[in-house]
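Novice: Quick one: the structure is below, and I'll ask about it shortly.
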Amino acid sequence: MANVLITGANRGIGLELVRHFSSRGDRVMAVCRESSEALDTLADQIIAGIDMTDAEAVQGLQTIVAELLDGGPLDILVNNAGIFENETLGQMDFEQIRRQFEVNSLAPLHLAHTLLPLMSAGSKIANIASRMGSMADNSSGGYYGYRASKAALNAFGKSLAEDLKPQGIAVAQLHPGFVQTRMVNFAGDISPQQAAEGLVARIDELTIHNSGGFWHANGQSLPW
């Protein structure tokens with residue numbers, strides 16, 4: 001049984017990750033701003049009322065999670081919470097871009113740093129990234145804030161992977177696919193359940209030996 005913490009856990013991919021880990025007997029701590037009826041029936045512990053851009057709230061999670069772990073390690077941290085907007089040259093919104101950086105890149109780094117004292121050799125950090133953060137894969141432009149914030153998350157994750165190798169903690173950047181969630185008005189190609197299955201498979205495969213990679217949930221290695 002693994003101790004798993006998932007952010008953005010009340011719906012979409014996060015909720016399905018909670019469902020998947022819980023169904024196989026792992027102990028899940030679900031972090032969200034507001035719980036949902038579905039989440040209430042799935043998670044072992046729900047930590048609601050957390051805005052991932054609130055530095056004080058994120059820092060306070062160390063004490064909350066430590067108490068829930070009761071001396072055990074945090075085995076898996078899944079940084080899933082994120083927001084998606086679209087800026088174009090004709091419609092640029094710099095406040096919106098800033099917000100995406102705060103949620104999509106700074107908050108995951110802050111949380112990982114905050115919870116590191118609760119991790120041990122063999123622990124894993126899975127950052128739910130996006131292939132839209134890939135420079136090589138960008139052939140259509142647009143989405144300035146989302147692309148850049150996910151590229152920043154990739155950079156943070158790669159640095160964490162290198163810095164945490166001596167501690168035996170592995171880090172992965174994982175693209176879930178184009179998923180049918182509210183974030184994209186349910187216009188995706190795969191269901192949240194399918195995405196969660198692929199993501200969990202990649203997390204299970206993650207070791208210190210392949211730490212630092214950028215993968216699609218289907219196992220394909222993605223270009224930076």
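The values are calculated or read from the model by the stated rules, or taken from the named source; none is laboratory data. Quantities reported herein were computed from a predicted structural model and do not represent experimental measurements. Positions of Cβ are backbone-derived with ideal geometry, glycine not excepted, and every protein chain shown enters the neighbour counts.
Novice: Could you list all residues from the range 44-76 that are in a strand (DSSP E or B), among the β-branched types (V, I, T) and closer than 19 Å to E34 by Cα? So that I can check it myself, show each step before the final result.
Specialist: Keep residues of the range 44-76 that are in a strand (DSSP E or B), which gives 45-47, 76.
So of that shortlist, the ones also among the β-branched types (V, I, T) come out as 46-47, 76.
Those that are in a strand (DSSP E or B), among the β-branched types (V, I, T) and closer than 19 Å to E34 by Cα: I46, I47.
Novice: Looking at (1) out of contact with any Ser or Thr (no Cβ under 7 Å at 6 or more places or on another chain); (2) in contact (Cβ under 8 Å) with a residue 12 or more places away in the chain, which is the one condition that is false for A170?
Specialist: Just one mismatch for A170, condition (1).
Novice: So the check is Cβ under 8 Å with 6+ separation or different chains; which pairs have a first residue in the range 129-151 that's under 17 Å from I13 (Cβ atoms) and a second one that's part of a loop (DSSP other than H, G, I, E, B) and of a type in the set (D, E, K, R)?
Specialist: R131/D137; Y146/E85
Novice: Could I ask something else about it? Among the residues of the range 85-106, write down those that are hydrophobic (A, V, I, L, M, F, W, C), in contact with a Gly (Cβ under 9 Å, 6 or more places away or on another chain) and within 17 Å of D51 (Cα to Cα).
Specialist: Here is the first cut: in the range 85-106, the ones hydrophobic (A, V, I, L, M, F, W, C) are 89, 92, 94, 97, 101, 103, 106.
Applying the additional criterion that residues be in contact with a Gly (Cβ under 9 Å, 6 or more places away or on another chain) yields 89, 94, 97, 101, 103.
Within the range 85-106, F101, V103 qualify.
One line per residue, one yes/no per condition, for (1) at pLDDT 95 or above; (2) crowded, with 21+ Cβ neighbours inside 10 Å; (3) over 20 Å from D75 (Cα atoms):
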site	(1), (2), (3)
L160	yes, yes, no
K165	yes, no, no
Q173	yes, yes, no
T181	no, yes, yes
V184	no, no, yes
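Novice: Would you mind stating whether V4 is of a type in the set (V, I, T), under 25 Å from M119 (Cα atoms), under 14 Å from the mean Cα position of the chain (by Cα) and in a helix (DSSP H, G or I)?
Specialist: Numbers: of a type in the set (V, I, T): yes; under 25 Å from M119 (Cα atoms): yes; under 14 Å from the mean Cα position of the chain (by Cα): yes; in a helix (DSSP H, G or I): no.
Answer is no for this residue.
Novice: Now, a different point. So the check is Cβ under 6 Å with 6+ separation or different chains; which pairs have a first residue in the range 194-208 that's assigned to a helix (DSSP H, G or I) and a second one that's among the polar types (S, T, N, Q) and surrounded by fewer than 21 Cβ atoms within 10 Å (Cβ to Cβ)?
Specialist: So the pair list comes out as G198/N218.
Novice: Additional query: If I filter the range 57-75 for residues that are farther than 30 Å from I208 by Cβ, polar (S, T, N, Q) and at pLDDT 95 or above, do I get at least one hit? Please lay out each step first, then the result.
Specialist: Within the range 57-75, the first condition is being farther than 30 Å from I208 by Cβ, and the residues that meet it are 57.
Add one more test, that the residue is polar (S, T, N, Q), and what stays is none.
The answer is no, given that none of the residues of the range 57-75 is farther than 30 Å from I208 by Cβ, polar (S, T, N, Q) and at pLDDT 95 or above.
Novice: Here's another thing I want to ask about it. Do any residues in the range 15-26 that are closer than 19 Å to V179 by Cβ have Cβ atoms under 6 Å from those of residues that are not aliphatic (A, V, I, L, M), where the two are at least six apart or on different chains, and which pairs are they?
Specialist: Close Cβ pairs satisfying both conditions: E16/P192; E16/Q193.
Novice: Further question: Is there a residue being of a type outside the set (A, V, I, L, M, F, W, C), surrounded by fewer than 18 Cβ atoms within 10 Å (Cβ to Cβ) and assigned to a helix (DSSP H, G or I) anywhere in the range 129-150?
Specialist: Of the residues in the range 129-150, the ones of a type outside the set (A, V, I, L, M, F, W, C) are 130-131, 133-134, 137-147, 149-150.
Retained after the next criterion (residues that are surrounded by fewer than 18 Cβ atoms within 10 Å (Cβ to Cβ)): 137-142.
Now drop any that are not assigned to a helix (DSSP H, G or I), which leaves none.
No, the range 129-150 has no match at all.
Novice: S36 - would you say it is more than 17 Å from the chain's Cα centre (by Cα) and either free of Cβ contacts under 8 Å to residues at least 60 places away in the same chain or over 28 Å from R147 (Cβ atoms) (or both)?
Specialist: On the way: more than 17 Å from the chain's Cα centre (by Cα): yes; either free of Cβ contacts under 8 Å to residues at least 60 places away in the same chain or over 28 Å from R147 (Cβ atoms) (or both): yes.
Taking the combined requirement at face value, the residue satisfies it.
Novice: Given the conditions (1) free of Cβ contacts under 8 Å to residues at least 24 places away in the same chain; (2) under 27 Å from Y144 (Cα atoms); (3) in contact with a strand residue (DSSP E or B) (Cβ under 6 Å, 6 or more places away or on another chain), and given that E95 satisfies all but one, which numbered condition is not satisfied?
Specialist: The failed condition is (3).
Novice: Within the range 77-110, work out how many residues are surrounded by fewer than 24 Cβ atoms within 10 Å (Cβ to Cβ), part of a helix (DSSP H, G or I) and either in contact with a Leu (Cβ under 7 Å, 6 or more places away or on another chain) or of a type in the set (D, E, K, R) (or both).
Specialist: 4
Novice: Mind checking whether some residue in the range 113-130 is more than 26 Å from A55 (Cα to Cα) and modelled with pLDDT of 95 or more? Spell out the reasoning first.
Specialist: First pass over the range 113-130, keeping only residues more than 26 Å from A55 (Cα to Cα): 121-122.
If we keep only those that are modelled with pLDDT of 95 or more too, we end up with 121-122.
Yes, because at least one residue in the range 113-130 is more than 26 Å from A55 (Cα to Cα) and modelled with pLDDT of 95 or more.
Novice: Does the range 19-32 hold any residues that are assigned to a loop (DSSP other than H, G, I, E, B) and surrounded by 15 or more Cβ atoms within 10 Å (Cβ to Cβ), and which are they? Spell out the reasoning first.
Specialist: Our first condition is that a residue be assigned to a loop (DSSP other than H, G, I, E, B); within the range 19-32, this holds for 24-26, 32.
Selection gives D26, C32.
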